Every structure is written in C-alpha cells, then in structure tokens.
Amino acid sequence: MKKHFHLTMAFAALIVTLAGCSDRPVLPAQLPQEIQVFVQQYFPNQQVSYADKDWDWFGYQYDVMLADGTEINFDTNNAWDKVESRLNPVPAALVPAPIATYVNTNFQAVSIVKIDKERYGYEVELANGLELKFNPQGALMSMDD
C-alpha cells in the first residue's frame with residue numbers, strides 16, 4: 001500500500017513537472033535548422049513573428065506563427081504537421097498530388113487554406129469553409145461544411 005502511494009506521488013510529480021515545461025517561446029534563430037529551411041523554402045517572403053516549443057510525450061513540437069498570420073505546427077521530427085493560413089493559400093507543394101487534383105477538379109478557383117496530417121490521412125479546409133477528409137492515398141473520405 002505504501003509502495004503504491006509513493007509510486008502514485010512520483011507519477012503525479014512527473015506530470016506536474018512536464019506540464020510546467022510546455023509552451024516555451026523561442027526566438028526564430030533558435031528553431032531547429034529543418035524548420036528554418038522549411039519556412040524559407042515554402043514561405044520565402046514571410047518572417048517568423050512568434051514560435052514556441054511544446055513538450056509532447058515523445059519529444060518537443062514547435063508551433064510557428066508567420067507575419068501574415070499563417071500558423072505551422074511541426075511534430076517531434078521537425079516535419080510539418082499542420083499549415084493554416086488566413087490570407088493566402090497553402091503552398092501547392094505541400095498538398096499531395098491526388099488531393100490537389102481532387103480540389104482543382106471539383107472546386108475550381110477555391111484555394112486550400114489549411115492542411116492537417118491526421119492518423120487517418122489528411123484534413124483539408126477550403127477558402128469557402130468546406131472541410132474535406134482524405135485517406136493517406138488522397139482518396140476523399142468525407143466532406144463537411
């Protein structure tokens with residue numbers, strides 16, 4: 001019983017410690033090199049206005065806000081996980097070809113303003129407010145407005 005209590009207290013202390021480590025602001029120059037290169041490559045005319053480093057159970061994740069309001073989330077491997085823009089379309093090079101083809105065929109002249117990698121594939125939001133869900137191969141699974 002006493003051993004169980006100590007184990008529970010140690011686990012609670014770990015949770016409290018980890019919770020205190022989340023969302024730490026970082027300077028753009030302190031971002032990992034892969035993230036800096038990603039921003040320069042896909043958003044060459046934008047500056048990082050804010051970035052933070054967030055602890056996840058598997059390592060650190062980064063959230064980056066660009067000057068135009070674009071938000072980019074990076075996973076623990078420093079790969080993009082979500083790109084959401086308020087003013088500009090998501091760079092076409094980030095959208096898998098089957099998804100781009102589907103959107104261009106069925107929603108001509110409507111841009112993708114958000115793309116989010118999910119366990120089931122991708123969630124895409126269009127400028128007209130439609131949300132589309134695709135499997136990893138880019139086939140449409142569902143649509144919601």
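Here are a few things to note about the model shown:
- Residue ID - surrounded by the most Cβ atoms within 10 Å (Cβ to Cβ), chosen from residues in region 69-103 that are of a type in the set (Gly, Ala, Ser) and under 16 Å from residue 46 (Cα atoms): 85
- Qualifying residue in region 73-86 (condition: among the aliphatic types (A, V, I, L, M) and in contact with a Pro (Cβ under 9 Å, 6 or more places away or on another chain)): yes
- Members of region 42-88 that are farther than 16 Å from residue 31 by Cβ, touching a strand residue (DSSP E or B) at 6+ places or on another chain (Cβ under 6 Å) and in a loop (DSSP other than H, G, I, E, B): 85
- Residue match in region 34-41 (condition: closer than 17 Å to residue 94 by Cβ, in a loop (DSSP other than H, G, I, E, B) and more than 13 Å from the chain's Cα centre (by Cα)): no
- Candidate set from region 120-145 (those that are under 15 Å from residue 84 (Cβ atoms) and acidic (Asp, Glu)); member that is surrounded by the fewest Cβ atoms within 10 Å (Cβ to Cβ): 131
- All of 62, 102, 122 fail the test of being of a type in the set (Phe, Trp, Tyr), assigned by TED's automatic domain parsing to the domain that holds residue 29 and touching a residue at least 12 places away in the same chain (Cβ under 8 Å), apart from 62.
The values are calculated or read from the model by the stated rules, or taken from the named source; none is laboratory data. In this text the structure is predicted, and so the values were computed from the model without any measurement. Positions of Cβ are backbone-derived with ideal geometry, glycine not excepted, and every protein chain shown enters the neighbour counts.
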